[in-house]
Each structure stands twice: as structure tokens, then as C-alpha cells.
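Worksheet: one structure, shown below.
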Amino acid sequence: MLQRTPLYEAHVAAGGKLVDFAGWELPIHYGSQLKEHDIVRTDAGVFDVSHMTVIDVTGPQATAFLQKLLANDVARLGFEGKALYSGMLTAEGGVIDDLIVYKTAWDYRVVVNAATRDKDLAWIAQHAKAFDVTVTERPELAMLAIQGPNALAKTSAAAPQLSALIDGLQVFQGLAASEVDGGWFVARTGYTGEDGLEIMLPGDQATAFWNALLVAGVSPTGLGARDTLRLEAGMNLYGHEMDETISPLTAGMGWTIAWQPEARDFIGRAALEAERAAGPAFRQVGLVLQGKGVLRAGQTVQTDAGAGVITSGTFSPTLKLSIAMARVPAGCGEQVEVDIRGKLEPARVIKMPFVRHGAQVFE
Amino acid sequence: MSQVPAELKYVDTHEWLRREDDGTITIGITDHAQELLGDVVYVDLPAVGSRFNRGDTAGVVESVKAASDVYVPIEGEVVAVNQDLVDAPEIANTAPYAQAWFFRIKPADAADYDGLMTADAYKALIGA
């Protein structure tokens with residue numbers, strides 16, 4: 001039996017084509033994934049991401065606990081409202097999940113993926129035992145991502161009581177909304193490469209807020225477009241770019257590892273230090289197809305330094321050509337070939353992202 | 001609800017067929033197929049002059065989410081392909097039975113066409 005978010009009826013009413021997303025019945029599109037993608041690049045779209053898992057961490061040792069648990073360092077969060085992206089690693093240096101952690105009035109809020117919820121909660125609980133902390137899941141919260149160049153203005157129009165808070169948020173900051181009752185939390189974060197917000201709110205208020213956003217001119221946007229948008233933005237998807245068998249150093253996540261201070265002994269540190277000293281065998285790159293077809297996850301990449309693999313691939317609705325994220329031998333050159341259905345097609349290695357703020361980024 | 005024109009023939013791999021006045025068979029993918037695929041972004045077609053048996057793979061149609069083979073629903077030789085579809089794959093979503101035909105075959109045996117699935121049988125297959 002699939003789980004449903006508080007917005008299930010709203011998705012049906014909006015014509016959503018509902019599919020199984022990590023055990024949740026959610027819309028892949030509301031008619032056209034391409035149109036929804038374009039709306040987020042040019043205007044504003046809203047995604048129901050209530051399936052994501054929200055976890056609050058409180059207690060005298062909350063900071064010490066997260067400094068042990070996460071590869072990035074929550075000590076970098078200098079004031080309430082700041083957010084940090086991090087991997088949560090195994091002792092062997094594989095990626096259990098990627099997440100965002102916010103510094104809050106009650107210590108920290110962590111948002112992890114839906115597909116990894118059970119193992120994440122078990123891992124967090126296991127390691128929390130050694131610290132004086134309380135870990136609380138917040139399943140009663142819904143979450144909406146409003147994304148696009150007009151996302152902030154249209155959200156403020158839909159929820160005037162939030163406009164002062166929205167105006168005060170810098171990119172990658174999030175704060176509890178004391179102006180409204182019930183546990184609203186507004187963050188200027190997202191997964192599209194556009195400006196936008198991610199708003200957590202009580203599930204029983206989600207439909208009214210959704211409807212107000214639609215009245216303000218925000219378009220319902222499915223999780224299909226969410227995937228093409230994040231791929232254009234060069235953002236990892238757990239289970240594609242990384243998992244417990246993949247090192248963050250080969251998945252483009254080196255920047256999320258806080259090596260300093262050296263005394264901070266986060267889980268996975270020893271394994272990563274050994275890998276860094278030896279030099280990672282693979283690296284993450286972007287690919288732009290020059291031949292025919294569409295790049296897809298799982299296709300083999302032939303390079304002058306050996307074989308690699310595409311971890312995510314698609315037709316880019318913004319660029320009108322096929323793009324991919326790939327894990328290739330660290331020393332590979334700029335020109336590669338991809339095995340597409342038995343034919344080797346040429347592709348070019350680029351530095352990601354592909355798209356930011358509606359426009360091509362790479363050269 | 002998917003359109004299933006009564007005058008066409010169908011196969012269970014979701015291609016449609018239409019017999020032209022000159023005896024050649026025009027082939028495309030059904031409305032139901034394009035709905036399942038979603039936005040079509042790429043189409044690869046066979047070369048004119050290729051010969052295929054029924055059930056062979058003659059091309060590929062790719063949407064934003066997936067790739068799908070295009071099967072040959074009747075044995076014969078390809079006599080024409082639709083370059084307009086290659087140039088503008090999105091017409092597979094908007095006009096699956098008209099502008100978005102895929103290729104045309106000269107059948108090895110003209111009688112093969114008559115034995116294919118009717119519109120009513122195809123409707124029953126897809127629950128339309």
C-alpha cells in the first residue's frame with residue numbers, strides 16, 4: 001500500500017499522473033514534464049516533497065553528535081538560519097545519504113531522502129546513543145518546494161504573512177516562521193538550480209497553502225521535472241550518483257567534506273583520508289552528447305583512461321540536447337564515447353553545472 | 001482517453017498500421033503508446049531499403065523518461081521514413097496518427113495486413 005501525502009487530493013484535482021516514488025503515491029507530471037520544467041526555469045512551479053524525512057536534533061551535545069555523524073562540519077553554521085549540505089557516511093567512506101542540516105532555535109533540523117528513511121533513522125539512532133541528544137522525526141510536516149525566478153514573489157503574494165521572513169532570507173538559509181502558528185519553516189533552498197523556497201508546514205494546512213500558491217500563479221510541477229531540473233543543475237541524486245559503495249570523492253562531493261579541524265573524527269574520515277592520499281581512481285564529470293540518441297543511467301562511457309559509467313542521463317529540456325552525469329577514470333580526457341544501445345556515440349566532458357538561473361553555464 | 005481510430009490496424013506492441021492506395025503500409029505508434037511514454041524528445045528510424053521480419057526492432061523512440069523500441073509489425077521493405085518526425089519528435093505526442101507517422105513498408109505478403117488486430121480488439125487490449 002502506497003503512502004499518500006496531505007496533498008493527494010490536490011494532485012488528483014490538478015490532473016497529476018500518480019506513480020510510486022519510494023513508496024509514496026506522487027505525481028510524475030500533470031500533463032507535460034517538458035512544460036513544467038520550462039515553467040520552473042522561467043516563472044514558478046511548486047513540487048510536493050512531503051515524502052522527504054524531517055528530523056529535529058536537540059540537546060546539549062547536538063553539535064558534537066552531528067560533527068561525528070556528518071562529513072561536513074556543523075560548526076560552520078555560524079548563526080541560526082544557516083544551512084549546510086553534507087553526506088552521512090559509513091565507516092568505509094560510502095554514502096548512506098545526502099542531506100541538508102539547518103541551524104535552528106532548538107539546535108538543528110536535518111532533512112533526508114524518503115527512499116533512505118528507514119536506514120537513516122536506524123543509523124542516526126544507533127550513533128545518537130553515545131551522545132546527550134534527542135532525535136525526533138517530524139512526520140506531521142508537509143513540505144512544498146516553490147522554485148523558479150518568480151518563486152519568492154509569488155509565494156509572498158500567496159502568503160503575505162511570510163513575506164517579511166522571505167525577504168530576509170539569503171540563499172541557503174532557513175528559519176522557523178514565528179509569524180504563523182503550527183510549526184512553519186521557510187528555507188531558501190532547492191533542487192533545481194533556480195532561486196526558490198522549501199517550506200515545511202503542518203500537513204493539515206498544506207492543501208490551503210497549495211491552493212493559495214496556484215491562485216498566485218504558481219504551477220503544479222511533477223517529480224519528473226524535478227529530476228531533469230536537478231540534473232541540469234548538476235546536483236546528485238542518491239541511488240544514482242552515490243550510494244554506500246561509492247565514495248563522495250568520486251561523486252563530486254569532495255567540497256562537502258570538512259577536513260579541518262583535523263581532530264574532528266567524523267564517521268568515514270579514516271577511509272576518505274586514505275583514499276585522498278592515494279588519489280581517487282574515479283571522478284564525477286558532466287557529459288554533453290555530440291552523437292545521436294539520449295544518454296541514460298547505466299550506459300558505459302569509453303575514455304582514453306578506461307571505462308566509466310553514466311549515473312544519470314536525460315534529454316535537457318533547457319538546452320535541447322542530451323546531457324549526463326558520469327563517473328569516469330580520474331585521468332580521462334575531454335572526448336569520450338558512450339555505448340548507446342550498442343552504438344558508440346561521441347560525447348564531450350564538461351565541468352558542471354549545465355544550467356543555472358535559466359541559462360547554459362558550461363563552455 | 002486514448003484515441004483508437006476505427007480504420008487502422010494494430011499490434012500488441014502499440015504500433016498502428018494503415019494500408020495506402022498503392023498497397024504500402026504506413027506505421028506509427030498509438031496514442032496510448034505516446035501517453036505511456038510522455039514527452040517524446042528523440043526518434044531514430046530505419047534506413048530506406050532495409051528489410052525486416054515481423055517483430056524486428058526498426059528504431060527507437062525516447063521520451064524524457066525512457067527509451068522504447070519501435071517494432072516492425074509486418075514483414076517487408078522500408079520504402080519511406082518520416083524525416084519531419086526526426087526533426088520534431090514532439091509531434092509524436094500531438095499527432096500520433098497523422099503527421100507523426102514513423103515509416104512506410106512494402107509488405108512481403110499483402111494478406112498479412114488483414115490478419116492484424118482491429119481497433120476494437122486493440123481497445124480491449126488497452127482497456128480503452
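Between the range B:1-66 and the range A:248-291, the C-alpha centres lie 46 angstrom from each other.
When only Cα pairs under 8 Å and 6 or more residues apart are kept, what is the percent relative contact order across chain A? The value is 18 percent.
Between A:Gln3 and A:Ala281, the FRET efficiency estimated from the beta carbon spacing at R0 = 30 angstrom works out to 0.15. Could you tell me how far the Cα centroid of the range A:56-119 sits from the Cα centroid of the range A:1-45, in Å? Each part reduced to its Cα centre gives a spacing of 28 Å. Label sites at B:Met1 and A:Ala91, each approximated as a point 7 angstrom past Cα along Cα to Cβ, lie 6.2 nm apart.
Note on chain A: GNM, Cα springs under 10 Å; of A:Asp265, A:Asp56, A:Asp243, the largest mean-square fluctuation is that of A:Asp265. Measuring max minus min along each principal axis, the C-alpha atoms of the range B:1-49 give extents of 33, 29, 16 Å (largest first).
Working from Cα pairs under 8 Å separated by at least six residues, relative contact order for the range B:10-110 is 32 percent.
Can you figure out the FRET efficiency of A:Ala208 with A:Trp106, using R₀ = 30 Å and their beta-carbon distance, to the nearest 0.05? The partial results should precede the final answer.
Values: r = 26 Å, r/R0 = 0.86.
Result of the calculation: an efficiency of 0.70.
Under the simplified labelling scheme, the B:Ala108-A:Asp167 pair shows an inter-label distance of 7.5 nm, with each label point 7 Å from Cα along Cα→Cβ.
Taking the number of Cβ atoms within 10 Å of each Cβ as an exposure proxy, the fewest-first ranking of A:Phe79, A:Phe315 is A:Phe79, A:Phe315.
Which residues among the range A:217-241 fall inside the zone where the amide N is under 19 Å from a point 7 Å beyond the Cα of A:Leu319, along Cα→Cβ? Residues passing the 19 Å test: A:225-237, A:241.
Its Cα gyration tensor gives the range A:281-363 an equivalent ellipsoid, and the semi-axes of that ellipsoid, as √(5λ) in whole Å with the largest first, are 19, 15, 10. Peptide A:30-38 is shielded by partner chain Cβ atoms: per residue, an average of 3 of them sit within 10 Å of its Cβ. The stretch between B:Glu20 and B:Asp87 holds 21.7 nm of extra length on full extension. This uses 0.36 nm per residue minus the Cα-Cα distance. In this Cβ point-charge picture (+1 for Lys and Arg, -1 for Asp and Glu), chain A has a dipole of about 680 debye about its Cα centre. May I ask you to derive the FRET efficiency for A:Gln126 and A:Ala305 from their Cβ-Cβ distance with R0 = 35 Å, giving the value to the nearest 0.05? Working from the Cβ atoms, E equals 0.35.
Taking the range A:99-141 and a reference point 7 angstrom along Cα→Cβ of A:Glu244, the backbone N atoms nearer than 19 Å belong to A:99, A:112-129. Dipole of the range A:121-268 computed with +1 at Lys/Arg Cβ and -1 at Asp/Glu Cβ about the Cα centre; of A:Ala258, A:Gly182, A:Pro248, farthest Cα towards the positive end is A:Gly182.
The dipole here belongs to chain B: it is taken about the Cα centre, uses +1 on the Cβ of Lys and Arg and -1 on the Cβ of Asp and Glu, and is about 120 debye.
Across the range B:53-118, the relative contact order, built from alpha-carbon pairs under 8 Å that are at least six residues apart, equals 29 percent.
Pairwise Cα distances in the protein assembly as shown exceed 39 Å in 32 percent of cases. Sorting A:Ser178, A:Ser219 by the number of Cβ atoms found within 10 Å of their own Cβ, with the fewest placed first, yields A:Ser178, A:Ser219.
Return B:Ile126, B:Ile27, A:Ile28 ranked ascending by Cβ neighbour count within 10 Å, so the fewest neighbours appear first.
Numbers: B:Ile126 17, B:Ile27 25, A:Ile28 20.
Ranked by crowding around the Cβ, least crowded first: B:Ile126, A:Ile28, B:Ile27.
When all alpha carbon pairs of the range B:10-110 are counted in 5 Å bins from zero, the resulting P(r) reads 3, 15, 27, 27, 18, 8, 2, 0 %. 3J(HN,Hα) couplings calculated from phi for the range A:45-54 with the Karplus curve 6.51 cos²θ - 1.76 cosθ + 1.60 (θ = phi - 60°) are, in sequence order, x, 10, 10, 8, 10, 5, 6, 5, 9, 9 Hz; Gly and Pro show x.
For the segment A:337-345, counting C-beta atoms of other chains within 10 Å of every residue's C-beta and taking the mean gives 1.
Coordinate-derived values only; no laboratory data. Model, not experiment: these values are computed from the prediction. Because the Cβ atoms are built from the backbone with ideal geometry, glycine has one as well, and the counts that use them run over all protein chains shown.
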